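The values are calculated or read from the model by the stated rules, or taken from the named source; none is laboratory data. Since the structure is predicted, the reported quantities are computational estimates derived from the model, not experimental observations. Virtual Cβ from ideal backbone geometry, glycine too; neighbours counted across all protein chains shown.
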Amino acid sequence: MRSEIAYSTRDPLEVALRVRRGSFELAAELTVPAGEVLVVVGPNGAGKTTMLRALAGLDRLLAGTVRIGPTILEDVVAGRRVPPERRPVGYVFQDYRLFPHLTALDNVAFGLRVRGQQRAAARAAAAGWLDRVGLAGYAGRKPDTLSGGQAQRVALARALATEPALLLLDEPLAALDVGTRAALRGELRRLVAAYDGRCLVVTHDPLDAMVLADRIAVLETGRVVQVGSPVEVARHPRTGYVAGLVGLNLYRGVGEGGAVRLDGGGELAVGRPTPGPAFVAFPPTAVALYRVLPEGSPRNRWPTTVVDLEPVAGTIRVRLAGPPDVLAEVTPAAVADLGLAPGVAVWASVKAVEITVYPA
Amino acid sequence: MTRVGSDPGHRTATPAALWLPASVGVAFLVLPLAALLARAPWRTLPAHLAGPVVRTALRLSLVSATAATAVSLLLGVPLAWVLARSSFRGKRLLRALVTVPLVLPPVVGGVALLLAFGRRGVIGRLLDSWFGVSLPFSTAAVVLAEAFVAMPFLVIAVEGALHGVDRRYEEAAVVLGASRWEVFRRVTLPLMAPGVAAGAMLCWARALGEFGATITFAGSYPGRTETVPIAAYLALESDVDGAVALSLVLLAVSVLVLVGLRGRWVSGAIG
């Protein structure tokens, strides 16, 4: 019989580890309280996936400990190590890894089946999870007939179905196209916020980090360089990479029908109706600027005035006064074409499909 | 992808000197089969096939080849797993050893089986004195001889299939809580099932056609050890039409297996 790992529902995940992969070394200390979503954000090659694999027990620690309260998952000095199949961990891989020979339902039921649950009971529970991620009608589908967004949610349901104490998400939105990403980002926020265990998400996308995180840890070249709330990290970036996090358009407002009325004035049409208090977020690259009002244009367009311009790695970041105030990122050529300069009036527009909306 | 053959420069590049021997080669391979078909007693074929000799041999062949395939699956799949997945010293040597029957003359295999499982053989002596079991010249000996010759085909095909299984799925199963056995049963085995099926078919076809090892180790007792190939060989002396009828049966099975495999394993895994 398998021995279940005992842990209190309130104990935090406490990690202090060193992991080596080839010549790369990851050294990190993290604490994730129950009910918190910690997003580890960093550029590619920073060691994000290495960290998740170590926590899941897929790779061995060089040194350090991983524990949930008093329950030790791995302790190198004490020589203790819970093998991956016995860890209370749910893992959503970047490439999802849905079993191609099983239906969506049986994929989700897999973790329960290998824990000895009867087929009928496991399937009933799995059906509930599919319903929770909005895929009730897809139980009989094979993974190769699912869209990227659907596969992502099946993978999440599969990871949640075993009710893990620790949920790990590796670049959960990276494999999706822009439109799907924006829609799913809010959905994912809702799902991970409802999860009461410890959740660790890694991403290289600052917007994903801002939307999903209760707290952000910035990882660069194998080291945690900054930890804080999204607002703290955005306000006081400590490295150049973190500075890239600052330039996001993030608003609070109240959803009504297919739009969100922003607290600071203005209104944005969003792809997904989100009634009540809500956050709205989109990257500066999603903002298009026009000198004259474009015809047949997106619903979200409003007059703005250029406040200032700042070159950022080959593009120009344009700060615009609204309402709502907005940050746009355009090419130097567009700056010349539009004659952008402080004080110039331009129309800003954002496609609803590129906007992420999620309950506040 | 551009096919090399679609380039006229390449198509004409086959030297004329190669065409002649190539044509002779084709004729050499095809003509005997054509002769078999031409010589076939089509009119009396149903009667021949329904005859007691053929029916008995056919039943024995089907039963023993299927049993040999079952034995090969039971032992060969785990063996293929060990060859594909575990790492230990002497693995190359082990792979060479288990594939020896592929190149070994079947008669040598039969002699070897006799020396091992015969009444005075290393193992046969023990079987005899402990259980009173004597293998040679029994149907069990037919199964053993066929499995000995055919199992390497299965092992090689399954090992190839295992190399094709994406290990990332197994890792996903592990983090979902699956033990090694559960990973194998619920993920690895289903993913390599097409390869196992192809290997089993190849193995079954080889077992069905087995002659040398079988006649050496099991003899040719009608109804007990006289399989279709042995019956065909023996019939040549007395009843040529019967031999031809039996040969046609084996030819038909071979063609069916070839169609079933769709060239996959003939062109791919072996070699």
Checklist entry - Residues in segment A:121-152 that are in contact with a Leu (Cβ under 6 Å, 6 or more places away or on another chain), closer than 11 Å to residue A:103 by Cβ and small (Gly, Ala, Ser): how many? => result 2
Item to check | Those residues of segment B:200-220 which are surrounded by fewer than 23 Cβ atoms within 10 Å (Cβ to Cβ) and not polar (S, T, N, Q), in sequence order | outcome: B:200, B:201, B:205, B:209, B:211, B:212, B:215, B:219
Item to check | Selected residue (criterion: nearest to the other protein chains (Cβ to nearest Cβ)) from residues of segment A:118-130 that are out of contact with any Asp or Glu (no Cβ under 9 Å at 6 or more places or on another chain) and among the aliphatic types (A, V, I, L, M) | outcome: A:125
Checklist entry - Among the residues of segment B:159-180, which ones are more than 10 Å from chain A (Cβ to nearest Cβ), of a type outside the set (A, V, I, L, M) and either closer than 21 Å to residue A:89 by Cβ or in contact with a Phe, Trp or Tyr (Cβ under 9 Å, 6 or more places away or on another chain) (or both)? => result B:159, B:160, B:167
Checklist entry - If you scan segment A:33-83, which residues turn out to be among the acidic types (Asp, Glu) and part of a loop (DSSP other than H, G, I, E, B)? => result A:36, A:59
Next on the checklist: Yes or no: segment A:201-208 includes at least one residue that is buried (at least 21 other Cβ atoms within 10 Å of the Cβ), more than 18 Å from residue A:286 (Cβ to Cβ) and either touching a helix residue (DSSP H, G or I) at 6+ places or on another chain (Cβ under 7 Å) or of a type in the set (A, V, I, L, M, F, W, C) (or both).
Outcome noted: yes
Next on the checklist: Criterion first (touching a helix residue (DSSP H, G or I) at 6+ places or on another chain (Cβ under 7 Å) and without any contact (Cβ under 8 Å) to a residue 12 or more places away in the chain) does residue B:133 satisfy it?
Outcome noted: yes
Next on the checklist: Would you confirm whether or not segment A:133-150 contains a residue that is in contact with a Ser or Thr (Cβ under 9 Å, 6 or more places away or on another chain) and closer than 20 Å to residue B:177 by Cα?
Outcome noted: no
Item to check | Condition check for residue A:242: crowded, with 16+ Cβ neighbours inside 10 Å and either closer than 20 Å to residue A:349 by Cα or at pLDDT below 80 (or both) | outcome: yes
Item to check | Selection within segment B:174-233 - over 21 Å from residue B:140 (Cβ atoms), among the polar types (S, T, N, Q) and touching a residue at least 12 places away in the same chain (Cβ under 8 Å) | outcome: B:188
Checklist entry - Quick one: how many residues across segment B:161-185 are among the basic types (Lys, Arg) and over 20 Å from residue A:155 (Cα atoms)? => result 2
Checklist entry - Looking at (1) over 12 Å from the mean Cα position of the chain (by Cα); (2) under 22 Å from residue A:113 (Cβ atoms), which is the only condition residue A:168 fails? => result (1)
Next on the checklist: Among the residues of segment B:108-115, are any in a helix (DSSP H, G or I) and farther than 20 Å from residue B:217 by Cβ?
Outcome noted: no
Checklist outcome for this item: Flagged in segment A:47-67 as touching a Lys or Arg at 6+ places or on another chain (Cβ under 7 Å) and either at the interface with chain B (Cβ under 9 Å from one of its Cβ atoms) or of a type in the set (S, T, N, Q) (or both), in numbering order, are A:50, A:56, A:57
Checklist entry - Applying the selection to segment A:330-360, what residues are under 30 Å from residue A:194 (Cα atoms) and not in a strand (DSSP E or B)? => result A:351, A:352, A:353, A:354, A:355, A:360
Next on the checklist: I'd like to verify a number: residues in segment A:68-117 that are surrounded by 19 or more Cβ atoms within 10 Å (Cβ to Cβ), away from chain B (no Cβ under 14 Å) and in contact with a strand residue (DSSP E or B) (Cβ under 6 Å, 6 or more places away or on another chain), how many?
Outcome noted: 2
Checklist entry - When residues of segment A:250-270 are filtered for being under 12 Å from residue A:358 (Cβ atoms) and surrounded by 15 or more Cβ atoms within 10 Å (Cβ to Cβ), how many remain? => result 6
Checklist entry - Within segment B:21-77, how many residues are among the aromatic types (Phe, Trp, Tyr) and either closer than 11 Å to residue B:245 by Cα or in contact with a Ser or Thr (Cβ under 7 Å, 6 or more places away or on another chain) (or both)? => result 1
Checklist entry - Within segment B:150-172, how many residues are more than 22 Å from the chain's Cα centre (by Cα) and surrounded by 24 or more Cβ atoms within 10 Å (Cβ to Cβ)? => result 1
Next on the checklist: Given the options A:7, A:96, name the one that is at pLDDT below 90 and aromatic (Phe, Trp, Tyr).
Outcome noted: A:7
